[in-house]
Structures are given as C-alpha cells and as structure tokens.
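S.K.: What follows is a structure written as structure tokens; I'll ask about it next.
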Amino acid sequence: VSMAPCQVVCLAVIGRKNNPLFLRCYAEDADELRFHYVIHGALDVFEESSRASQTDPFLGLLYPSVDHRVYGYVTTSNMKLVAVTNDGDTRESDIRGLLVRAHGLVVDAVSNPFYVPGQPISSAGFETRIRKLVNALSAP
C-alpha cells in the first residue's frame, strides 16, 4: 500500500522578530488563517531548538498535527522558513532540499536594494520561483 505523495500545502518565511515576511498556501481548499496558527505554533519549537545550539540549519520535523507535518529551517541571521506538508509520503531529504533552495531565494530577495528589511517580501519573481520549488516537490 503506497501513500499519497507529499504535497507542500503552505510555505512561510518568518523574520528574526517573528514577523511574517512571506506566507503562501498551495492547497486548493486552504484556510490561510488556520495556517497562520500552525506557523505561529511552530515558532515555539524554533525557540526550543535554537537554545539547543543547533549547528544544522534544517531542524527537520518540528511537529506533526492530525492533518499536517511542520518542518523548520533557521538561518544564521535567525530568519525562519517553515514548510507545512500534508500527511502524505514525506521524505525528509526532499523537504530539506526545498528549504535549502528556498533559503537561497530569500537571500536573493532580501539582497535586492529595493527591499526594505523587516517588511514582507512582495516580489512577484520571488513568489514565482517559490511556487516552482513547491510544485516540483509536490509533483507525483
């Protein structure tokens, strides 16, 4: 019996002051407010993990919920990337790769001279490249 493929249903970038810089839902029937709560809940786990002097930026599975799995990645500047997947067949190495590549896109976006630090990332190019990453992982 094979499980359904993993699908990223939400991806978020959280600033160092725990302010959301980017949050997009990719599930067709997504309740965005619900994912704001899921992401907010993940921030507590980030705090606990950062106290453990983590050397790997990929924190792995932060917590599973009934319908989803929440994965985390923290940068050296304490920005946080959160990927929420459905409860499908998830390979942690795939999520790690997604978050590493997403981190590269975040670095590019915040390095733009027109980006105002601490403000939401509103670049259409950034959003398109993130969507391509998510779609590539979610494809069967």
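The values are calculated or read from the model by the stated rules, or taken from the named source; none is laboratory data. Quantities reported herein were computed from a predicted structural model and do not represent experimental measurements. Positions of Cβ are generated from backbone atoms using ideal geometry, with glycine treated the same way; all protein chains shown enter the neighbour counts. Areas reflect the complete protein model, heavy atoms only, side chains present, ligands, DNA and RNA absent. Shrake-Rupley method; radii C 1.70, N 1.55, O 1.52, S 1.80 Å.
S.K.: Across the range 11-28, which residue is least open to solvent (accessible area, probe 1.4 Å) among those that are assigned to a loop (DSSP other than H, G, I, E, B) and modelled with pLDDT of 85 or more?
M.R.: So the first thing to find is which residues in the range 11-28 are assigned to a loop (DSSP other than H, G, I, E, B), and the list is 15-19, 26-28.
Remaining after also requiring modelled with pLDDT of 85 or more: 15-19, 26.
Details: Gly15: 4, Arg16: 156, Lys17: 178, Asn18: 63, Asn19: 44, Tyr26: 31 Å².
Top of the filtered list is Gly15.
S.K.: Taking the range 54-96 on its own, how many of its residues are of a type in the set (Gly, Ala, Ser), free of Cβ contacts under 8 Å to residues at least 40 places away in the same chain and surrounded by fewer than 18 Cβ atoms within 10 Å (Cβ to Cβ)? Walk me through how you get there before you give the answer.
M.R.: Applying the first criterion (of a type in the set (Gly, Ala, Ser)) to the range 54-96 yields 60, 65, 72, 77, 83, 88, 93.
Remaining after also requiring free of Cβ contacts under 8 Å to residues at least 40 places away in the same chain: 60, 65, 72, 93.
Adding the requirement that they be surrounded by fewer than 18 Cβ atoms within 10 Å (Cβ to Cβ) leaves 60, 65, 93.
Qualifying residue count, the range 54-96: 3.
S.K.: Between residues in the range 5-33 that are under 18 Å from Ser138 (Cβ atoms) and residues that are among the polar types (S, T, N, Q) and open to solvent by 20 Å² or more (accessible area, probe 1.4 Å), which pairs lie under 6 Å by C-beta distance while being six or more apart or on different chains?
M.R.: Between residues of the range 5-33 that are under 18 Å from Ser138 (Cβ atoms) and residues that are among the polar types (S, T, N, Q) and open to solvent by 20 Å² or more (accessible area, probe 1.4 Å), the close pairs are Cys6/Thr90; Gln7/Asn86; Gln7/Ser138; Val8/Ser138; Val9/Asn86.
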